[in-house]
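What follows is a single structure, written as structure tokens, with notes after it.
Derivation of every value follows stated rules applied to the coordinates shown; laboratory data play no part. Because the structure is a prediction, the values reported are computed rather than measured. Cβ coordinates were reconstructed from backbone atoms using ideal geometry, including for glycine residues, and neighbour counts include every protein chain displayed.
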Amino acid sequence: MIYIRRRDLIVASLALGATVLGASAAFARSGKTSAKPPPAPAIKKPKKAVPKPKLIVLDPGHGGKDPGALGLRGTEEKQVVIKVARDLQQQLQAGGRYRVLLTRNGDTFIPLRERVARAEEAKADLFLSIHADSHPDADVRGASVYTLSEEGSDREADALAARENGAGVQLSRHSDVVAKMLVTMSQRGTVNDSRRFADTIVQTFGRSGVRLLPRSHREAGFAVLTSPDIPAALVELGYLSNRYDEKLLTVPQHQAALGRALRASVDAYFGTGTATRKA
Ligand SMILES: [Zn+2]
């Protein structure tokens, strides 16, 4: 983040310098001389090296007929995640470094493949799917982050992927599809970048005091993470089946805090080593 800001500053200083120099030249020309000076040759302004804003696609899970996980007090996952996504969208756009698209901006049902297709069509630089989970054990709480893999890092991650994929998509039973996809993603650097992104989320959550599950970065066959060119992660913000998590997830200040931590994760991701990407 600091690096970019400094670079922005340098670009701004250069632009300012050019303006000042231009003004001095004009001032010098306006001096009291009897002969009209020849017209100054047109000076081509150097193109500003303003970095192109990165396009972030945020994917609030579920929507419409699909409420997602349900809380003990009736909180619906689809409502929590759209609030956090909108908060994060505002925060990311505020700095001018990012453009942000949401895969759904209202309470509508969008199939997972459609979400992936929208991100691909828009040529997203990064994809983040936002969810909240539920668990049969009401004591389980904390956030976790997931990236795509052929086999789940554990049985719970597999079960989660099956839940998030929904009845229409049985990705884990067709792991050859994921396997092929992963080969392509690996060749294009997408696997490493996705993992790096997931790790930055875990780190910034840790620093921001967001409670995390043990082994916070896990892997499984999530259908929504299957774009070969777009680094992607899925975050579970907490468990609606836990009364503390459910309460927190409905508090606007906590939603904003999650947004801030996720924005810091995106900043950290782009601030370190994006040059390693081949695509
Ligand atoms: Zn979900």
Open item on the list: Net charge around Tyr239, counting only other residues with Cβ within less than 11 Å of its Cβ (Lys, Arg = +1; Asp, Glu = -1)?
Closed with: -4
Open item on the list: Can you compute 3J(HN,Hα) from phi for each residue in segment 78-94, using the Karplus curve 6.51 cos²θ - 1.76 cosθ + 1.60 with θ = phi - 60°, rounded to whole Hz and x for Gly and Pro?
Closed with: 4, 7, 5, 6, 5, 5, 5, 4, 5, 4, 5, 4, 4, 5, 5, 6, 4
Open item on the list: At 0.36 nm per residue, and after removing the present C-alpha to C-alpha distance, how many nm does the segment from Arg243 to Ser208 gain when stretched out fully?
Closed with: 10.5 nm
- [ ] Quick one: check the C-alpha center-to-center distance for segment 84-138 versus segment 201-243, whole angstrom.
- [x] 13 Å
TODO: Determine ³J(HN,Hα), in whole Hz, for all residues of segment 121-134 in sequence, where each value follows from phi through the Karplus function 6.51 cos²θ - 1.76 cosθ + 1.60 and θ = phi - 60°; x replaces Gly and Pro.
DONE: 4, 7, 6, 5, 8, 7, 10, 10, 8, 10, 9, 9, 10, 9
Task: Sum of side-chain charges, Val202 neighbourhood, beta-carbon under 14 Å (Lys, Arg +1; Asp, Glu -1) - done: +3
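Magnitude of the Cβ-charge dipole of segment 107-257, K/R +1 and D/E -1, about the Cα centre, nearest 20 debye?
Here segment 107-257 has a charge dipole of around 240 debye.
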Open item on the list: For a Förster distance of 51 Å, can you work out the FRET efficiency between the beta-carbons of Ala179 and Ala40, rounded to the nearest 0.05?
Closed with: 0.20
TODO: Starting from the amide H of Gly238, placed 1.01 Å from N in the peptide plane, find each other amide H under 5 Å away whose residue is 5 or more places distant or on another chain.
DONE: Asp133, Ser144
Task: Over 20 Å (Cα to Cα) - which of Lys54/Lys83; Lys78/Lys247; Lys52/Lys180 fall in this group - done: Lys54/Lys83; Lys52/Lys180
